[in-house]
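The values are calculated or read from the model by the stated rules, or taken from the named source; none is laboratory data. Because the structure is predicted, anything quoted here is derived from the model rather than measured. Heads up, the Cβs are rebuilt from the backbone with ideal geometry, glycines too, and the neighbour counts pull from every protein chain shown.
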Amino acid sequence: MLSAFNQVINSSEFIITCELSPPKGVNYSQMIELARPLKNLVHAINITDGQGANMHMNSIIASHLIEKETGIESICQLVCRDRNSIALQADLLGALALGLKNFLALSGDKSSAGDHPQAKDVFELGTDDLIKIFGQFAKGLDLMNNKIDQIIPAENNCIGAAAHPGMEDLKTQATKMKQRLETGVKFFQTQIVYDLEQLKRFLDSIQEIKVPVLIGITPLKSVKMANFMNEKIYGVTVPDNLIKRLAQADNQKEEGFKIAAELVAEVKALKGRGVHIMAIGQESFLPQIIQGI
């Protein structure tokens, strides 16, 4: 049976997803309380996997808890950084046994960027290898072509991958995206966008991609955050006119919400299929942000 998210990506509906991180501990009540108000506001909630290379509760367990406690579908992120091929396959089997159906395959940030900088990165598999696992399971096989005890139909799962509007070579990226469609990817979520010209170039480059590409939107809290984005986040550009707007605003956070709403309106005007809201440090405001778009 298809997930509700899998069904909506096959429709013409404008898609909204958002993102929450699992707790850094065993008390998951705050994550659930942040998720509950999002019922009927989003089509799914991404649950991050060691976001920023920081240690948090396992994304599979957190995704299961979100679905069980709130009834909102999750998109379970899986990164290649922390697991070898045995562990990735084992974890994915566990996720499927728990009933999870929506996944986002990612490489993951290097451990040196996070709270365990001494940890050893694995990266035995890349994102394409991780995507391939789903295809192997659909044949009743593991990555080494050994039989598993049950075929897992490919159509039951909804696999996503990342895209980056700030890439210099958008043509090559579009080619890569098309190749991933052939291996079973059904949607894409992008890095954050603030620059309208960058957005237009990116959407123009992916006209042949016939699956939803959800544009990453992150409300700016302040001029300081905008400058951090420009200086530290690869490929993300906050234009000078937006920084000036924030600087002149009486309430920079509220102005950031307005800017986010305007960006979503531009995505709609450009016939984009949806947005992915990453309210970094502002997760409690997600209902307000989403209702404003």
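Take region 142-184 and flag every residue that is within 21 Å of Asn6 (Cα to Cα), without any contact (Cβ under 8 Å) to a residue 60 or more places away in the chain and not in a helix (DSSP H, G or I).
Result: Ile151, Ile152, Pro153, Ile159, Ala161, Ala162, Ala163, Thr183, Gly184.
If the requirement is being part of a helix (DSSP H, G or I), under 22 Å from Cys80 (Cβ atoms) and in contact with a helix residue (DSSP H, G or I) (Cβ under 9 Å, 6 or more places away or on another chain), which of these qualifies: Asp129, Asp204?
It is Asp129.
Which ones in region 229-250 are modelled with pLDDT of 95 or more, surrounded by 13 or more Cβ atoms within 10 Å (Cβ to Cβ) and closer than 21 Å to Ala163 by Cα?
If the condition is that a residue be modelled with pLDDT of 95 or more, surrounded by 13 or more Cβ atoms within 10 Å (Cβ to Cβ) and closer than 21 Å to Ala163 by Cα, then Met229, Asn230, Val236, Thr237, Val238, Pro239 are the ones that fit.
Which of the residues that make up region 189-204 are out of contact with any strand residue (DSSP E or B) (no Cβ under 7 Å at 6 or more places or on another chain) and within 20 Å of Ile9 (Cβ to Cβ)?
Phe202, Leu203
Which condition breaks for Tyr28 when tested against (1) closer than 23 Å to Gly292 by Cβ; (2) surrounded by fewer than 20 Cβ atoms within 10 Å (Cβ to Cβ); (3) of a type outside the set (Val, Ile, Thr); (4) touching a helix residue (DSSP H, G or I) at 6+ places or on another chain (Cβ under 7 Å)?
(1)
Where the second residue is modelled with pLDDT of 95 or more and the first is charged (D, E, K, R) and lies in region 280-293, which pairs have Cβ atoms under 7 Å and are six or more apart or on separate chains?
Glu283/Leu20; Glu283/Leu34
Counting only residues that are surrounded by 14 or more Cβ atoms within 10 Å (Cβ to Cβ), charged (D, E, K, R) and closer than 29 Å to Gln7 by Cβ, which one in region 108-141 is nearest to the chain's Cα centre (by Cα)?
Residue satisfying both the conditions and the ranking: Asp128.
In the set Ile72, Ile60, which member is surrounded by 23 or more Cβ atoms within 10 Å (Cβ to Cβ) and either modelled with pLDDT of 95 or more or over 17 Å from the mean Cα position of the chain (by Cα) (or both)?
Exactly one of Ile72, Ile60 is surrounded by 23 or more Cβ atoms within 10 Å (Cβ to Cβ) and either modelled with pLDDT of 95 or more or over 17 Å from the mean Cα position of the chain (by Cα) (or both), namely Ile60.
Could you please find all residues in region 132-141 being assigned to a helix (DSSP H, G or I) and among the small types (Gly, Ala, Ser)?
Gly135, Ala138
Would you please list the contacts, defined by Cβ atoms under 7 Å and residues six or more apart or on different chains, that run from a residue in region 100-129 that is under 21 Å from Met177 (Cβ atoms) and modelled with pLDDT of 95 or more to a residue that is part of a strand (DSSP E or B) and of a type in the set (Val, Ile, Thr)?
Here the result reads Asn102/Ile75; Phe103/Ile75; Phe103/Ile159; Leu104/Ile75; Ala105/Ile159; Leu106/Val79; Ser107/Val79; Gly108/Val79, each pair linking region 100-129 to a residue that is part of a strand (DSSP E or B) and of a type in the set (Val, Ile, Thr).
Scanning region 263-293 for residues that are β-branched (Val, Ile, Thr) and part of a loop (DSSP other than H, G, I, E, B), which turns out farthest from Leu196 (Cα to Cα)?
Ile280
Considering only region 97-107, how many residues are within 19 Å of the chain's Cα centre (by Cα) and within 19 Å of Asn157 (Cα to Cα)?
Within region 97-107, residues that are within 19 Å of the chain's Cα centre (by Cα) and within 19 Å of Asn157 (Cα to Cα) number 7.
So that you can scan it fast, the table gives a plain yes or no per residue for (1) surrounded by fewer than 21 Cβ atoms within 10 Å (Cβ to Cβ); (2) of a type in the set (Gly, Ala, Ser); (3) touching a Gly at 6+ places or on another chain (Cβ under 9 Å):
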| position | (1), (2), (3) |
| --- | --- |
| Asp169 | yes, no, no |
| Thr175 | yes, no, no |
| Tyr194 | no, no, no |
| Phe202 | no, no, yes |
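Filter region 218-262 down to the residues that are assigned to a helix (DSSP H, G or I) and either at positive phi or in contact with a Pro (Cβ under 6 Å, 6 or more places away or on another chain) (or both) and list them by number.
Hits for region 218-262 are Gly256, Phe257, Ala260.
Out of contact with any Gly (no Cβ under 8 Å at 6 or more places or on another chain) and among the polar types (S, T, N, Q) - does that describe any residue in region 116-127?
Checked region 116-127: at least one residue is out of contact with any Gly (no Cβ under 8 Å at 6 or more places or on another chain) and among the polar types (S, T, N, Q).
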